[in-house]
Amino acid sequence: MARGPMVAIAEILKGAYVGREVELRGWIYRTRTMGGKAFVVVRDDTGILQAAVSKDGVPAESFEAVERALIESAVVVRGTVVADKRAPGGYEIRAADVKIVHFAEKFPIQEDLSEEFLLDVRHLWIRSQRMTQIFRVRHTAFAAVHEYFRDQGFWEVHPPMITPAGSEGGSTLFEIEYFGRKAYLTQSWQLYAEALALSMSKVYYVGPSFRAEKSRTSRHLTEYWHAEMEQAWAGMEDVLKHAEGVISHACRRVAEERPDDVIALGRTPEFLKAVTPPFERLTYREAMDILTAKGVGIEWGKDLRTFEERALTEGRTKPIIVSHYPRVSQAFYKARDPTDPEVVLAFDVIAGDGVGEIVGGSERETDLATIEASLRAQGEDPKAYAWYLDLRRYGSVQHAGFGMGMERLIQWICKLEHIRDAVPFPRTPARFHP
Ligand code: 4AD
Ligand code: MG
């Protein structure tokens, strides 16, 4: 088969190739034969496009192969691009030749299948239009996070994934056997970030975090991608601005670069473009008052659960910020508020649509004795953190940082009901296969 230029479907759908001969490589998404005509909808990584194949327009064996080919067969189509209002997307390719590169067996995914079955065949389900739309948004969101931090003068540095101790409490640590010793998969780069911030001042990283989180919710994974930053010579208010900044930058980038995917997923580019700083601010005490007024009050010190986060974000289109959490039950590294010893300088960014907390961050405690006391109060041995405590001995300065769950952000941007669809192969308590 003669070669025209290899073209991506998205390019054809922009109207750039009308009247030209092109070559398309993809997989059969849908096919329909009517008399001497076959309409083959082909998908590639950028979209779907209809190829009109007529019996007298292509070699006889090609037409016969097209009639025989089942969905998900791999196909190469050569033909001329025409604008046609009847075709999905407004363009089609009039085939001069079609080659079935691989005849697929009957595809196991047909209509109306259960969620569980789709997770069993995730390796095939990731070919669906919906999944590829999400992956493209994810691609853009990741690029935007890197772009934001680099533009703001942050260095990209990398922490270890295998660690001797956790930062976010023992209950969600994944233990691994490390040549006869106990080690843990990282929950957050936090402790290493604090070390790196005293080396490189403004640092960030995007990589995996692990939580042995047994709760089966629509917003927890056991393995997720964490975008984290740490900044020396900075307090909570400074890093809060970066939390707003990076979220709004990611939303804007996705709106600009992927408007079609965003619309297909049920958001609008306008919704995302309106996500601009500043976000609405509440202290934990103010949040408590609002919840009480709504009849769903909580006790001092209790974490905000999905339920309360929903109540607080009701009617809001932008995420909100809740800060100044009660000191009880907070991680040992969070700084006390010098004006209110009952609270720490910690904050969460909370998004609507049931997604909840997408960012958690804080100013870090700098007083050595206070950290040691907090560790002991949590039943931890400060000796296990000896290297971390060194950071308060040599050139300690005020610093702060946060972590953003990339899948939570993508879940919210794409309006997904469940976080598992924000990642190709989700890891949850019930499943680590395929
Ligand atoms: O609030 P977290 O636990 O904070 C930390 O780990 C800090 N050490 C971050 C830092 O200051 N560098 O986690 C941060 C974010 C959460 O806001 C949430 O978006 C996400 O990580 N996250 C999860 N995402 C998916 N599945 C889970 N099980 C998650 N646990 C946390
Ligand atoms: Mg948190």
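When both the stretch 1-60 and the stretch 173-245 are represented by their alpha-carbon centers, they are found 46 Å apart. Based on DSSP H segments of at least four residues, each scored -39500 (n - 2.57), the chain has a per-residue ellipticity at 222 nm of -9000 deg cm²/dmol. Which net charge results for the neighbourhood of ASP84, defined as the other residues with beta-carbon distances under 12 angstrom from its beta-carbon, given Lys and Arg at +1 and Asp and Glu at -1? Charge balance near ASP84 sits at +2. Packing-based ranking of 99-109, 402-412 yields 402-412, 99-109, ordered from highest to lowest mean Cβ neighbour count within 10 Å.
With protein chains left intact and a 1.4 Å probe, residues in the chain average 47 Å² of accessible area per residue.
The residues packed around VAL206, meaning those with a beta-carbon under 9 Å from its beta-carbon, carry a net charge of -2 if Lys and Arg are +1 and Asp and Glu are -1. Using the Cβ of GLU280 as centre and a radius below 14 Å, the other residues enclosed give a net charge of -2, where K and R count +1 and D and E count -1.
Each label point was placed 7 Å from the Cα along the Cα-to-Cβ direction; for ARG316 and HIS102 their separation is 4.7 nm.
Anything over 22 Å Cα to Cα? Flag those among LYS273/LYS294; LYS55/LYS106; LYS318/LYS415; LYS241/LYS302; LYS241/LYS334, in the order listed. With Cα atoms farther than 22 Å apart: LYS273/LYS294; LYS55/LYS106; LYS241/LYS302.
Within a straight-line Cα-Cα reach of under 18 Å, LYS383 can be paired with the following lysines, leaving aside sequence neighbours fewer than 8 residues apart in one chain: LYS182. Averaging the sequence gap over all C-alpha pairs within less than 8 Å and six or more residues apart, then dividing by the number of residues, gives the stretch 173-303 a relative contact order of 15 percent. Fully extending the segment from MET131 to LYS85 would add 13.9 nm, taking 0.36 nm per residue of separation and subtracting the current Cα-Cα distance. Each DSSP beta bridge with both residues in the stretch 150-220 is either parallel or antiparallel, and the antiparallel ones are about 75%. Given a 1.4 Å probe and every protein chain left where it sits, what share in percent of the accessible area of the chain is carbon and sulfur? About 52 percent, which is the carbon plus sulfur part of the accessible surface.
Each peptide among 373-385, 191-203 gets the average number of other Cβ atoms lying within 10 Å of its residues, and from highest to lowest they stand as 191-203, 373-385.
The values are calculated or read from the model by the stated rules, or taken from the named source; none is laboratory data. Bear in mind that the values here come from a model prediction, so they are computed numbers and not experimental data. Using ideal geometry, Cβ is built from the backbone for each residue, glycine included, and neighbour counts are taken over all protein chains shown. Quick note on the areas: whole protein, heavy atoms, side chains included, nothing else; ligands and nucleic acids left out. Shrake-Rupley method; radii C 1.70, N 1.55, O 1.52, S 1.80 Å.
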